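Just below is one structure, and these are the notes that go with it.
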Amino acid sequence: MTVTEMLGRNYKQIIYLALFASLAIPMINPIGLPIPIDKTTADIYNKIETLQPGDVVVLGSNIGAAIYAEVYPQYVAIMEHVLRKDGVKLLLVDHGTEGPIFTERALQELNVYNRKTYGVDFVHLGFIAGGEAAIAGLCRDLHALLQVDYKGNSISSLPMLDDINGAQDFTIVIDFTASADSQFWLNQAYATYGTAIAFGLTAVKVPDAYAYYTAGQIFGIVESLKGAAGYEILINRPGIAAKGMDAQSIAHLLYIALVLLGNLAYYMGGRKE
Amino acid sequence: MSQVFKKTASAVLIIVAVVLTFDYFIKDTTLRTVATDMNNWAVVIGAFALGLGAYSLVMRHTRAIYQRRATWPYSVLLLGTMVVFIGLGLFTGSVSSSEYNWIYSLIVQPLSSALYGMNAFFIASASYRAFRAKSIESGLLLVAAIFLMFLNAPIGGVIHPLLPQIGKIIWDLSGATGMRAILIGIGIGTLAIGLRIIIGQEKTPLGGAD
Amino acid sequence: MTDLIMALGSTALILMIYTILYRENPAFRIGEHLMVGATVGHAVVLAIFQIRDLAFLKVQQGQILYVVPILLGVALYLQFYRAYKHIARVAIAFMLSVGITLSARGLISVNVIGQIKGAIVPLNSVQNIVYTVGVVCVLLYFVYEERVSKAVGPVPKVGRWLLMVTMGAYFANSIMGRLSIVIGTLNTVLPAPNVYLIPVALLILVADAWTRSKKNQ
């Protein structure tokens, strides 16, 4: 078998190895490429900077293990930013089955239980089943929907929730998801109550959300790992997101090269497959 | 008897839709209470629906084990894992207990990430082998994708500042035209199909036509 | 010790899944079935807690009417039995109706009116003119598709081209998304001592390839 034949037959394995190398090498030896900050990310930062004591920030989470690498760093960065604003209330709600695990993980990672007072500064409502009906119920009347929070504490025993009945009391909602769940907050909180909404999304969902952003229906988007890296820089807390961007760059170059090489081979080979 | 339930289902479809629609437009305390209860009942039913997949899976894999099909050891593994997670979750009383978190981080997190991440490799080999600019449309798609990749990757701006700028123009164009039109289409389409289901024209979601 | 088991265990599971890139094999199947079992088990645990907190607690506190959704929820499971399938229809109908009506209420103002408002911009720049005309072209493409019409001429074709540019955006973003997930797995695999499992995995694959080529000969 000639080298050309071997390359032609085993091209898949060669491409897989090349992709692995293009990701692994920059992760082991970072290049240090500058990370640009998108306007969509900066808008969320600026909005949180304008929050006043007493404002209520709702962080919705549909973070799962599959999208952990993309969305969890965004979630942690934004939660940290909100926690730095004294007097701002944080309400955490999960509408994905794996959400509670990652919400609690973020709370532990940021040491929130020691920095703030549970029930006064922040509340974790936990997972609520039912998809859009759950979000609708939360926005309509939180106290009618839920009896207990994630820890099993009675809702009525939490002082923070005395003045929070529904979406009319939310200042901003930032939802972290990979699926059509983001539409639920728009349909229920924004459409009915005019609540300001932003998203933290995986890259695949960003194109849809961008149309909402340009129409002024959402005030920001944290776009995948890139957005998370930008947000970490904005709050001066570099984390795992920033480390992954060099690998993203080199791997993107590989993809571009593969598309161009493939098309070159196709046209030079007389358009034969 | 089945006809009674089918007629009840059709009636429920319309009544609930009417109540929730009127609640949106008319501010009435009684209507709001009824609508809130309907909403919260749907949340409870949604909680029951979470177990449907498990029920179906248990039935299928139990049958596979009983009939000693070729894949029966995998079925044992699947059901065993399920029982372990359910047992641990109920025993510790929370999915955030340290024990549950440990086993979740050991099993679900790496497997889920790897399964979804596999696609990156398949897209890479498809980029070389399958993505051909054979027509104007496919050429446009690939050119747009290339410039957008330069926008997404920080290295694009390092190679030449013009590359991400062109990418940004393409991104704004696609966002303001294609994506917008897709969302309008989704909105109208969802409304149309929803109306068809409620008035009974579309029977598939309820289990097929009579 | 548990940290070491966690590190090596998760790395081994990730590598087991990635063996599918070589070929279909039992290691991948084991990983796949482990994941499905764990995910479904997790959903069941949450379902039990949710039913307890959202329904049974309320019934205990005197809201007797919540027996109705409990019964409807149980009725959902009757869809697996041919003789009782029709009973499940009521529960499905209830959920469907609530879901459709809630989303329709929001979709009209968000997706339809909101997006149309976003598309209607003052035509005082080339950019705005291009964007407005572009949306109309794509919508006309959705209506006419490949059909030829004297009324609109080649306009749907322009819409198709713009749609292809949009698909390019989805493709590029899809790549970024998948790469981010792989980077996440490499964050687990690359640190020592996990990284030492990679040559072990490669040796196993090479041994398998060599054995298979010998068998074929």
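For segment B:155-181, filtered to residues that are in contact with a helix residue (DSSP H, G or I) (Cβ under 7 Å, 6 or more places away or on another chain) and more than 7 Å from every other protein chain (Cβ to nearest Cβ), the residue that is surrounded by the most Cβ atoms within 10 Å (Cβ to Cβ) is B:GLY156.
Going through (1) in contact with a Ser or Thr (Cβ under 6 Å, 6 or more places away or on another chain); (2) in a helix (DSSP H, G or I); (3) among the hydrophobic types (A, V, I, L, M, F, W, C); (4) modelled with pLDDT of 95 or more one by one, A:LEU92 falls short only on (2).
Among the residues of segment C:18-35, is any without any contact (Cβ under 8 Å) to a residue 12 or more places away in the chain, under 30 Å from A:ILE135 (Cβ atoms) and outside the structural domain of C:VAL182 (by TED's automatic domain parsing)? Yes, the conditions are met somewhere in segment C:18-35. Look at (1) within 30 Å of A:GLY166 (Cβ to Cβ); (2) touching a residue at least 12 places away in the same chain (Cβ under 8 Å); (3) surrounded by fewer than 16 Cβ atoms within 10 Å (Cβ to Cβ) and you find that B:ILE26 fails only one, number (2). Take the conditions more than 22 Å from C:LEU46 (Cβ to Cβ), out of contact with any Asp or Glu (no Cβ under 7 Å at 6 or more places or on another chain) and buried (at least 19 other Cβ atoms within 10 Å of the Cβ) and apply them to A:LEU92. Does it pass? Spelling it out, it is not the case that A:LEU92 is more than 22 Å from C:LEU46 (Cβ to Cβ), out of contact with any Asp or Glu (no Cβ under 7 Å at 6 or more places or on another chain) and buried (at least 19 other Cβ atoms within 10 Å of the Cβ). Could you tell me how many of the residues in segment B:110-130 are more than 7 Å from chain C (Cβ to nearest Cβ), crowded, with 17+ Cβ neighbours inside 10 Å and under 27 Å from the mean Cα position of the chain (by Cα)? Of the residues in that region, 3 qualify.
Name the residues in segment A:31-58 that are touching a Pro at 6+ places or on another chain (Cβ under 9 Å) and surrounded by fewer than 16 Cβ atoms within 10 Å (Cβ to Cβ), would you?
Passing the criteria: only A:PRO34.
Restricting to segment C:144-165, give me the number of residues that are free of Cβ contacts under 8 Å to residues at least 12 places away in the same chain and at negative phi. Reasoning before the result, please.
Here is the first cut: in segment C:144-165, the ones free of Cβ contacts under 8 Å to residues at least 12 places away in the same chain are C:145-151, C:153-154, C:161, C:164-165.
Among the residues that remain, those that are also at negative phi are: C:146-151, C:154, C:161, C:164-165.
Of the residues in segment C:144-165, 10 are free of Cβ contacts under 8 Å to residues at least 12 places away in the same chain and at negative phi.
Yes/no matrix, rows are residues, columns are (1) under 19 Å from C:ILE181 (Cα atoms); (2) basic (Lys, Arg); (3) in contact (Cβ under 8 Å) with a residue 60 or more places away in the chain:
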residue	(1), (2), (3)
A:ALA24	yes, no, yes
A:ILE28	yes, no, no
A:ILE31	no, no, yes
A:ASP38	no, no, yes
A:ILE44	no, no, yes
A:VAL71	yes, no, yes
A:MET79	no, no, no
A:ASP86	no, no, no
A:LEU91	no, no, yes
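Considering only residues in segment A:211-223 that are facing another protein chain (nearest Cβ under 9 Å) and in contact with a strand residue (DSSP E or B) (Cβ under 7 Å, 6 or more places away or on another chain), the one that is nearest to A:GLU70 (Cα to Cα) turns out to be A:GLU223.
Among C:LEU139, C:LEU107, which is within 9 Å of chain A (Cβ to nearest Cβ) and under 29 Å from B:ILE198 (Cβ atoms)? If you could, list the steps in order and put the result at the bottom.
Values: C:LEU139 fails: within 9 Å of chain A (Cβ to nearest Cβ).
After ruling out the rest, the residue left standing is C:LEU107.
When the residues of segment A:224-261 are narrowed to those that are touching an Asp or Glu at 6+ places or on another chain (Cβ under 7 Å) and more than 8 Å from every other protein chain (Cβ to nearest Cβ), which ends up nearest to A:LEU83 (Cα to Cα)? The qualifying residue nearest to A:LEU83 (Cα to Cα) is A:ILE235. For segment A:235-272, a residue qualifies if it is touching a Pro at 6+ places or on another chain (Cβ under 8 Å) and more than 15 Å from B:ILE123 (Cβ to Cβ), and the qualifying residues are A:GLY239, A:ILE240, A:ALA241, A:LYS243, A:MET245, A:ASP246, A:ALA247, A:SER249, A:ILE250. Among the residues of segment A:102-158, just one is surrounded by fewer than 17 Cβ atoms within 10 Å (Cβ to Cβ), in contact with a Ser or Thr (Cβ under 9 Å, 6 or more places away or on another chain) and basic (Lys, Arg), namely A:LYS151. Checking each residue in segment A:128-149 for being in contact with a strand residue (DSSP E or B) (Cβ under 8 Å, 6 or more places away or on another chain), facing another protein chain (nearest Cβ under 8 Å) and more than 15 Å from B:ASP37 (Cα to Cα) picks out A:ILE128, A:VAL148. Annotation for segment C:72-87: at least one member residue is hydrophobic (A, V, I, L, M, F, W, C) and within 14 Å of chain A (Cβ to nearest Cβ).
When the residues of segment B:1-56 are narrowed to those that are basic (Lys, Arg) and part of a helix (DSSP H, G or I), which ends up nearest to the other protein chains (Cβ to nearest Cβ)? Can you show your working first?
Taking segment B:1-56 as the starting set, the residues that turn out to be basic (Lys, Arg) are B:6-7, B:27, B:32.
So of that shortlist, the ones also part of a helix (DSSP H, G or I) come out as B:6-7, B:32.
Numbers: B:LYS6: 6, B:LYS7: 10, B:ARG32: 8 Å.
For segment B:1-56, the residue satisfying everything is B:LYS6.
In segment C:104-155, the residue that is nearest to B:TRP171 (Cα to Cα) out of those that are β-branched (Val, Ile, Thr) and surrounded by 20 or more Cβ atoms within 10 Å (Cβ to Cβ) is C:VAL135.
The values are calculated or read from the model by the stated rules, or taken from the named source; none is laboratory data. What you are looking at is a predicted structure, and each value in this text was computed from that prediction instead of being measured. Cβ sites come from the backbone with ideal geometry, for glycine too, and all protein chains shown count toward neighbours.
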